[in-house]
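Q: Input: one structure, supplied below.
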Amino acid sequence: MNDILAALDKVLSERKQAQPDSSYVASLYHKGLNKILEKVGEEATETLLAAKDAERSQQHAELISETADLWFHTLVMLHKLDLSSAEVLTELERRFDLSGLVEKANRNK
């Protein structure tokens, strides 16, 4: 799994130097953070709607596709801010053996 994220991180970093007309990601970087955030919001909404549909239909292909779009655009956002999946994975790893209730309580202090 980390191999795919590492490969995506590499491509997303490379696209930061590319011309906007050479790739979709380069065009998003060129349009700026607000456009990228717009895409993350759009994909989040589509993921939520797909989840509701999947619950009713028990068909999950659309939910998986929309979740992939959401994750992808979230990675683009992170890279725009000079971050990568590694920072998120490190944070998830830190939380792994921590009770969700304890972790949430610690955030609110």
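Q: Can you name the residue in region 69-88 that is in contact with an Asp or Glu (Cβ under 9 Å, 6 or more places away or on another chain) and open to solvent by 30 Å² or more (accessible area, probe 1.4 Å) and is also nearest to A44 (Cα to Cα) among such residues?
A: The residue in question is L70.
Q: For A54, indicate whether it is over 14 Å from the mean Cα position of the chain (by Cα) and loosely packed, with under 14 Cβ neighbours inside 10 Å.
A: No, not satisfied.
Q: Moving on to the next point. Could you list, ordered by first residue, the pairs with Cβ atoms under 6 Å in which the first is in region 59-74 and on the phi < 0 side of the Ramachandran plot and at pLDDT 95 or above and the second is of a type in the set (G, A, S) and open to solvent by less than 90 Å² (accessible area, probe 1.4 Å), at least 6 apart or interchain?
A: H60/A54; E62/A50; L63/A50; L63/A51; L63/A54; E66/A50; L70/A44
Q: Pairs, please: C-beta under 6 Å, at least 6 apart or cross-chain, first residue small (G, A, S) and in region 21-50, second part of a helix (DSSP H, G or I)?
A: Taking only residues 6 or more apart or on different chains, the pairs are S23/R15; A26/R15; A44/L70; A50/E62; A50/L63; A50/E66.
The values are calculated or read from the model by the stated rules, or taken from the named source; none is laboratory data. Computed from a prediction, not measured in an experiment: that's the story for all the values here. Please note: Cβ atoms are built from the backbone with ideal geometry, for glycine as well, and neighbour counts cover all protein chains shown. Accessible surface is based on the protein model in full, side chains and every heavy atom, while ligands, DNA and RNA are left aside. Shrake-Rupley method; radii C 1.70, N 1.55, O 1.52, S 1.80 Å.
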